[in-house]
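What follows is a set of notes on a single structure, which appears directly below.
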């Protein structure tokens, strides 16, 4: 039997935020019915613009996949910026939840949505561009690291500009340049595998970026909430 | 206006003019490069501009960290001033590099690690400046931009070491080369003079921009605290005098 008034632990707080964000996504369907089809359309438009030469498309397919994931993935990571009102943010702050737990919870929810986003777009890329995936041992690790890095970066940027003017327009400007190490790591790791080289250094780069973002997000969560 | 205020306003302009003239004379009197000819003179502005960008973004990071620690708005203004100057000199370094690249490499732009990462650094700090415009609340603005200012500095070592970590078309570090400068002594001395003059220009620009930022903050606070007209103030009581 637990004390009804006791503060839940850190992990329980994280899970509460994850459940809330995923429930909101289930109700709104923003990622599934808006961002995901938008990304698929972008993959469809590229061959129409540059030509439908099969070998060219096969060569640029993986790169296009990562560019679309990075640019459209930002929209997934920042969706709470446009969805949440100031009153809702104040309400969450008043619940006494640990700001770091809120950050981790939001990042985790974004991570899960980004994994779904990547998986579906990956399948679309394979079909449209006739790409043959290589490196089945490393590919899932790269996908997971890219999703976690982008989720952490987007959540951190969204926290920084959450209440400002033109916040939804600004976050992509902050996130896109800072996501370059993730884009480089993901593309170069898979390129290294294709050429039969070790991809460890690129995987480590992505892991390090993710770790740094997690530390920065957790440390800045309280100061950011206090100035909201 | 007091004499002290007058000196504070004018001396940075004099310093900037003297240091700029100094760089111009030094870079125009040194002999041209054997291979590149007169084109090599671009280096005396391009390299100091790139150095100033590093310095400026480093100062932004330091001032941002100091703001987070001390909560003193003077550090916030220093971070802003340095970031703005850094963006200006990054743009100058990129622009001059492109002017040099067209006759040398045959293209304005090439997908080289140094060039690409420098342009990304430029956009990161443009984002920093855009972030500062999202709110008029001084506390919120200072805290959020300070956190971003600390994070953004990771771009600086990436840009600097890109020519070592990747095989690039861009030449390796000119002055900070581990094996010593690979240039004629007269050119190295001229380059050092240019770097020193640009650093002086940076300091003078910092004073001017910090002064301006302080005035901007004062105007912002005055606007927020001034009592505007009260609702209904324009409505006057009807004349109820006898016989009206």
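The values are calculated or read from the model by the stated rules, or taken from the named source; none is laboratory data. Keep in mind the model is a prediction, meaning the values are calculated, not measured. Cβ sites come from the backbone with ideal geometry, for glycine too, and all protein chains shown count toward neighbours.
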Which residues, counting only those in segment B:56-79, are surrounded by fewer than 20 Cβ atoms within 10 Å (Cβ to Cβ) and either touching a helix residue (DSSP H, G or I) at 6+ places or on another chain (Cβ under 7 Å) or on the phi < 0 side of the Ramachandran plot (or both)? B:58, B:62, B:65, B:66, B:68, B:69, B:70, B:72, B:73, B:74
Is it true that residue A:184 is over 19 Å from residue B:120 (Cα atoms) and either within 14 Å of chain B (Cβ to nearest Cβ) or modelled with pLDDT under 90 (or both)? no
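So which of A:205, A:200, A:144 ends up being surrounded by fewer than 20 Cβ atoms within 10 Å (Cβ to Cβ), within 14 Å of chain B (Cβ to nearest Cβ) and at pLDDT 85 or above? Full working, then the answer.
Values: A:200 fails: within 14 Å of chain B (Cβ to nearest Cβ); A:144 fails: within 14 Å of chain B (Cβ to nearest Cβ).
Just a single option satisfies the conditions, and that option is A:205.
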In segment B:131-151, the residues that are facing chain A (nearest Cβ under 8 Å) and surrounded by 22 or more Cβ atoms within 10 Å (Cβ to Cβ): B:131, B:143, B:144, B:147, B:148, B:151
Within segment B:85-97, residues surrounded by fewer than 21 Cβ atoms within 10 Å (Cβ to Cβ) and within 17 Å of residue B:207 (Cβ to Cβ) come out as B:88
Is it the case, given these coordinates, that residue B:21 is crowded, with 17+ Cβ neighbours inside 10 Å and either assigned to a helix (DSSP H, G or I) or without any contact (Cβ under 8 Å) to a residue 60 or more places away in the chain (or both)? no
Search segment A:161-177 for residues being within 8 Å of another protein chain (Cβ to nearest Cβ) and crowded, with 24+ Cβ neighbours inside 10 Å, and hand back the single one that is farthest from residue A:79 (Cα to Cα). A:174
Away from every other protein chain (no Cβ under 11 Å) and either at pLDDT 80 or above or at positive phi (or both): does that describe residue B:191? yes
Which members of segment B:45-90 meet the condition of being over 16 Å from residue B:146 (Cα atoms) and either touching a strand residue (DSSP E or B) at 6+ places or on another chain (Cβ under 7 Å) or within 14 Å of chain A (Cβ to nearest Cβ) (or both)? B:87, B:90
Condition set modelled with pLDDT of 75 or more and assigned to a loop (DSSP other than H, G, I, E, B), scope segment B:152-168, selection farthest from the other protein chains (Cβ to nearest Cβ): answer is B:153
Considering only residues that are outside any helix (DSSP H, G or I) and in contact with a helix residue (DSSP H, G or I) (Cβ under 8 Å, 6 or more places away or on another chain), which ones fall in segment A:2-61? A:8
Looking at B:186, B:143, which one is out of contact with any helix residue (DSSP H, G or I) (no Cβ under 8 Å at 6 or more places or on another chain), in contact (Cβ under 8 Å) with a residue 40 or more places away in the chain and part of a helix (DSSP H, G or I)? B:186
Quick one: in segment B:97-116, which of the residues that are in a helix (DSSP H, G or I) and closer than 22 Å to residue B:157 by Cβ is farthest from the chain's Cα centre (by Cα)? B:113
